[in-house]
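Here the structure comes first, spelled out in structure tokens, and everything after it is commentary.
What follows draws every value from the coordinates through simple rules; no lab data is involved. Because the structure is predicted, anything quoted here is derived from the model rather than measured. No Cβ is skipped: glycine too gets one built from the backbone with ideal geometry, and neighbour counts run over all protein chains shown.
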Amino acid sequence: MSKLFGTDGMRGEAGRFPIDPETMRMTGYSLARHLGTKLGRTPRLILGRDTRQSGAWIEAALIEGARKAGAMCDSAGVITTPGVAFLARTLPADAGLVISASHNPYQDNGVKIFAPTGRKIDDATERLIETDIHEARKNVNPEDNAQTGYALSAISDHPDDPEATIIDEEEQAQFDALKARYLDYLTEEVADGLRLDGLKIVLDCANGAASQLAPALLARLGAHVCAINDEPDGRNINYECGSLHIDGLRRKVIAEGAMLGVAFDGDADRALFVDAAGQFVDGDAALWVMAGRMAARGELTGDCVVATVMSNLGLELALRSHGIELLRTDVGDKYVLEELLRTGASIGGEQSGHIILPRISLAGDGMITTVNLLRAMIESGLALHELTEGFVRYPQVLVNVRVREKHPFAEVAEIARSMRETEAALNKNGRLLLRYSGTEPLARVMIEGQHLSEIERLAGRLAAVIKQTIGAS
């Protein structure tokens, strides 16, 4: 049985398996059925989506399936991923479903499912849903599916169907009320006491889920907000904007004379920054700034920060110089959260800007990250470029090699020997990370060191050995 859920939910091209109407109905049905069995009562689900044109029909299909299994369903309409996680926790609901493909182009979409704690649902429930989906796909006749109490129906199956996006006044009122609940939480609890009166901040909303919420939040705090890419049309989400395209934000910050620029991705679970001079500040630098504030206030439990194996060596060395340990995990916010909960650490995150503050939320939230970075700036009286001093980024090279099979590297003599030679050449002044992609037939060679030309040479040499031994023809 093929695995459908990855580290960030189920994802694919909208309209094609597994993000097709039939599979989405079965996903809703299966989740509701298993929750109902586990809880011994009718489950309640809360749903939300980003701005992709396919979001409305996917949400409708999920709701149809869930209601066939007896679930009560509420929708917040267009809202951020962490917004749904917040609502699942506080309504409360038994699960929160987010329809989003994060930073992917509009043609893609996906489903992430949160437990009421704010964590993604457990692997066991994901496997049950996958089993139900695969069993349903064995039957092409809708009457055969009906034997489990599930049946297909005539909901619009076309991603571009305008009927799938019609919203009545009652639905809109519900959307507005649920979004207001989340915005009030951010303003009155997360940002309690923070004032940004008169400060100019540029927000790149990626034409995504933060397009209304993020400008409203900072305006409430008194900031002079200049929002760009905040007019979603269903197809422009992440298009040459947002967290993967920083240049437009950089230019706008400089042109406006702003003190900060913030770039969200499509579902706003991450945020990246630009300082007043237009210098890029990624998730590693944000971790450095926020961990420093927490350490100064005695709030950094265990004097440690959690990051992934992809975080820059410069972050590790900068933290170590202040007596703070960097704990590394596999790539993925799921693994960062697991380590945060295991160790009781106060902050963790990824280079991509996905930061988790478990005392506030177990879901990464770009707006919470932004508030906390601004709080560090306001409390210290320092500009962002001053706060990032002490973090020196090491040059980093990443080379991908297409492989025919994923042998353990240590078991291929030529690769193991080349790895030892590379590490000896780095002489503890750099770092080698060799791993396979989780989704593609690729070996990834990542090397960090003091001199770019040297690490490029080392990475190229190791990549050549991999290509010669296990490379795809």
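Placing +1 on each Lys and Arg Cβ and -1 on each Asp and Glu Cβ, with no other charges, gives the chain a dipole about its Cα centre of roughly 1340 debye. For the chain, the residue among Ala255, Ile356, Asn139 whose Cα projects farthest onto the positive side of the dipole built from Cβ charges is Ile356. Highest mean first, the peptides 320-330, 279-289 sorted by other C-beta atoms within 10 Å per residue fall in the order 279-289, 320-330. The GluC sites (Glu not before Pro) found in region 387-473 that occupy coil by DSSP, while having at most 12 further C-beta atoms within 10 Å, are Glu389, Glu405. Region 423-463 and region 300-375 have Cα centres separated by 23 Å. Stokes-Einstein diffusion for the chain, with the hydrodynamic radius set to the Kirkwood value over Cα pairs and evaluated at 20 °C in a medium of 1.002 mPa s, equals 91 µm²/s.
For Lys467, the lysines whose Cα falls under 20 Å of its own Cα, not counting residues fewer than eight places away in the same chain, are Lys406.
Partner lysines whose Cα lies under 20 Å from the Cα of Lys120, excluding those fewer than 8 positions away in the same chain, are identified as Lys3, Lys38, Lys112, Lys334. Under the convention that each Lys and Arg Cβ holds +1 and each Asp and Glu Cβ holds -1, the size of the dipole of region 281-363 around its Cα centre is about 240 debye.
Hey, got the dipole for region 173-280? About the Cα centre, +1 on K and R Cβ, -1 on D and E Cβ, debye to the nearest 20?
Roughly 200 debye for region 173-280.
Spin-label model, Ala383 to Ser473: label points 7 Å out along the Cα-to-beta-carbon direction sit 5.9 nm apart.
Please label the shape of region 281-363 as rounded, prolate or oblate, based on the square roots a ≥ b ≥ c of the eigenvalues of the alpha-carbon gyration tensor (a/c under 1.5 means rounded; beyond that, a/b larger than b/c means prolate, else oblate). Rounded shape, in that the Cα axes give a/c under 1.5. Beta bridges from DSSP with both residues in the chain: antiparallel share about 60 percent, rounded to the nearest 5. Within the straight-line cut-off of under 16 Å between alpha carbons, the aspartates and glutamates reachable from Lys200 are Glu256, Asp275, sequence neighbours fewer than 8 places apart in one chain being disregarded.
For the pair Asp247 and Ala296, the difference between a 0.36 nm per residue extended length and the Cα-Cα distance amounts to 14.3 nm.
With a Förster radius of 45 Å applied to the C-beta separation of Arg41 and Glu325, the computed FRET efficiency comes to 0.50.
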